[in-house]
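Undergrad: This is the structure, below, for whatever I ask next.
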Amino acid sequence: MTSSDPPIEPARREVKYVTDEVLAPHLESWLQSHHAAFTTPYPARWVNNIYFDTPDYFAYAQNLAGITSRTKVRYRWYGALRPIGAGQLEVKMRRSGLGRKLTHRIAETPPEDGSWRQVIAHFRNNVAGGPGAWFDAFPTPILINRYLRRYWVTPDGHVRITIDTDQAVFDQRYQGSPNVERPANLPRTTVFEVKYLPQHHHEVRDTIASLPVSLSRHSKYAVGVDSIRSF
């Protein structure tokens, strides 16, 4: 059993820009030539997420309505899509434009080829105390998504940027076990995200002033739900 007191990250701002996937190399060239001297602290890697919600899409509806205080629950692992790997339960809490994330590491892999009932039981058994209760509030696996993520950061660490491409979404709503075989149709976009602490706002504003794409309101989960509901 892991610690009952998972870490909570400092509240930060996350600003997203969405453009066509073919423009990803152009955005990377912009970063490479930027005067802020961005570097790549980690190699690119595949990010996989299971998003949980209520059967009537409470978290999704909150996002669409632009509710300033909302919560999202997901399980994240990296690398191969199948089988579901060891990863972390993440509870993302957004309050008045600032995002905070509670993270609880789950070191043991869920049962390979297990049913959703078995997978969720595994998550519950490997988180202590409060985090497991989030499965009572958001009990239903709605979708799995994945994307290739590239990382950039300024030397002082004040500005962090991720570029996500090669996105895929898999509908889980009527599945007895995880489905990663039948992807839904999804727009082929690049998601460029800037992450920073509020005290660095003016620095970030100056850094991204010449960014060649426009600011967008975007949620991968909401876009994924739209895709599977029309699938």
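Undergrad: Taking only the stretch 188-231 into account, find how many residues are assigned to a loop (DSSP other than H, G, I, E, B) and within 17 Å of E14 (Cβ to Cβ).
TA: 9
Undergrad: Sticking with this one: Which one is modelled with the highest pLDDT among residues in the stretch 47-76 that are among the small types (G, A, S) and either over 26 Å from T109 (Cβ atoms) or not in a helix (DSSP H, G or I) (or both)?
TA: A61
Undergrad: Let me ask something additional. When residues of the stretch 77-100 are filtered for being at pLDDT 90 or above and either under 23 Å from P43 (Cα atoms) or of a type outside the set (A, V, I, L, M) (or both), how many remain?
TA: 15
Undergrad: Follow-up question, since we're still on this one. Specify the residue that is farthest from Y147 (Cα to Cα); the eligible residues are those in the stretch 45-85 that are surrounded by 14 or more Cβ atoms within 10 Å (Cβ to Cβ) and small (G, A, S).
TA: Looking at residues that are surrounded by 14 or more Cβ atoms within 10 Å (Cβ to Cβ) and small (G, A, S), I get A61.
Undergrad: Mind listing whichever residues of the stretch 107-133 are more than 25 Å from Y60 (Cα to Cα), of a type in the set (A, V, I, L, M) and under 21 Å from the mean Cα position of the chain (by Cα)?
TA: Scanning the stretch 107-133 gives a single hit, A107.
Undergrad: Under 9 Å by Cβ, and 6 or more places apart or on different chains, what pairs join a residue from the stretch 44-68 that is closer than 16 Å to I228 by Cα and in contact (Cβ under 8 Å) with a residue 40 or more places away in the chain with one that is buried (at least 19 other Cβ atoms within 10 Å of the Cβ) and acidic (D, E)?
TA: Pairs that qualify, where the first residue is closer than 16 Å to I228 by Cα and in contact (Cβ under 8 Å) with a residue 40 or more places away in the chain and the partner is buried (at least 19 other Cβ atoms within 10 Å of the Cβ) and acidic (D, E), are N49/E90; A59/D53; Y60/D53.
Undergrad: From the list R124, R149, R82, which one is among the charged types (D, E, K, R) and closer than 27 Å to L211 by Cβ?
TA: R149
Undergrad: Report yes if V91 is of a type in the set (A, V, I, L, M) and out of contact with any Leu (no Cβ under 7 Å at 6 or more places or on another chain), otherwise no.
TA: no
Undergrad: Among (1) of a type outside the set (A, V, I, L, M); (2) in contact with a Gly (Cβ under 6 Å, 6 or more places away or on another chain); (3) touching a residue at least 12 places away in the same chain (Cβ under 8 Å), where does R146 come up short?
TA: (2)
Undergrad: Any residue that is within 13 Å of Y51 (Cβ to Cβ) and either out of contact with any His (no Cβ under 7 Å at 6 or more places or on another chain) or not in a loop (DSSP other than H, G, I, E, B) (or both) - is there at least one of those in the stretch 154-165?
TA: No, because not a single residue in the stretch 154-165 is within 13 Å of Y51 (Cβ to Cβ) and either out of contact with any His (no Cβ under 7 Å at 6 or more places or on another chain) or not in a loop (DSSP other than H, G, I, E, B) (or both).
Undergrad: Can you pull out every residue in the stretch 197-228 that is farther than 19 Å from D166 by Cα, among the basic types (K, R) and modelled with pLDDT of 90 or more?
TA: If the condition is that a residue be farther than 19 Å from D166 by Cα, among the basic types (K, R) and modelled with pLDDT of 90 or more, then R205 is the only one that fits.
Undergrad: Consider the stretch 77-118. How many of its residues are in contact (Cβ under 8 Å) with a residue 40 or more places away in the chain and either among the acidic types (D, E) or assigned to a loop (DSSP other than H, G, I, E, B) (or both)?
TA: 8
Undergrad: Would you check which residues across the stretch 163-176 are among the charged types (D, E, K, R) and surrounded by 17 or more Cβ atoms within 10 Å (Cβ to Cβ) and list them?
TA: Matches in the stretch 163-176: D164, D171.
Undergrad: Among the residues of the stretch 177-208 satisfying the criterion of being loosely packed, with under 15 Cβ neighbours inside 10 Å and touching a Lys or Arg at 6+ places or on another chain (Cβ under 8 Å), which is farthest from A36 (Cα to Cα)?
TA: Top of the filtered list is P198.
Undergrad: Looking only at the stretch 14-33, which residues are in contact with a Leu (Cβ under 9 Å, 6 or more places away or on another chain) and in a helix (DSSP H, G or I)?
TA: Result: L27, W30.
Undergrad: Sticking with this structure for a sec: Within the stretch 36-63, can you find the residues that are small (G, A, S), more than 18 Å from E90 (Cβ to Cβ) and in contact with a helix residue (DSSP H, G or I) (Cβ under 9 Å, 6 or more places away or on another chain)?
TA: A36
The values are calculated or read from the model by the stated rules, or taken from the named source; none is laboratory data. What you see is a predicted model, and the numbers here were worked out from it, not measured in a lab. A quick note on method: Cβ atoms are made from the backbone with ideal geometry, for glycine too, and the neighbour counts reach across all protein chains shown.
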